[in-house]
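Encoded as structure tokens, the structure appears first; notes follow it.
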Amino acid sequence: QVQLVESGGGLVQAGGSLRLSCTASGTIFSINAMDWYRQAPGKQREWVTTITRAGETNYADSVKGRFTIARDNAKNTVYLQMNSLKPEDTAVYYCRADIRATWYSAERGSWGQGTQVTVST
């Protein structure tokens, strides 16, 4: 059983910064790609950014240059540094990871429970 737990959300003024963390725990053999998604009120969940195990990154255009994803493979943790936050960044942020529980298991996507980020004007 694998669990992803996010932390670091909160209320911040426009222009401010927040750092989210997400740690995977349980039976884990390896973790491949790790992502952040977000869902604003009344909108569909959208992809924000991805980091591969090797550290290659991709970002949605809406956050490029403001958000930075990083990971610590030894800690099974992914981070999202969010700078120059805007009110439109307000959403519940979810982490997702492609995890293999054992060497013979298929890779499966797992989601965290989400953490609220609210950016005020």
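The values are calculated or read from the model by the stated rules, or taken from the named source; none is laboratory data. Predicted model, so just to flag it, every value in this text is computed and none were measured. Neighbour counts run over all protein chains shown; Cβ positions are idealised from the backbone, glycine included. What goes into the accessible areas is simple: the full protein's heavy atoms, side chains included, and nothing from ligands, DNA or RNA. Shrake-Rupley method; radii C 1.70, N 1.55, O 1.52, S 1.80 Å.
Counting only other residues whose beta carbon sits under 13 Å from that of Arg108, what net charge do I get with K and R as +1, D and E as -1?
For residues surrounding Arg108, the net value is 0.
Please state, rounded to one decimal and in Å, the Kirkwood hydrodynamic radius that the chain gives when every pair of distinct Cα atoms enters the mean of 1/r.
That comes to 14.5 Å for the chain.
If DNA, RNA and ligands are ignored and the probe is 1.4 Å, what is the ranking of Trp47, Trp103, Trp36 by accessible area, most exposed first?
Listed by decreasing accessible area, they come as Trp103, Trp47, Trp36.
Students often check this: by mean Cβ neighbours within 10 Å, which of 88-95, 58-65 ranks highest, and how do the rest follow?
Ranking the peptides 88-95, 58-65 by packing returns 88-95, 58-65.
Taking 25 Å as R0, compute the FRET efficiency from the Cβ-Cβ separation of Gln3 and Lys43 and round it to 0.05.
That gives a FRET efficiency of 0.45.
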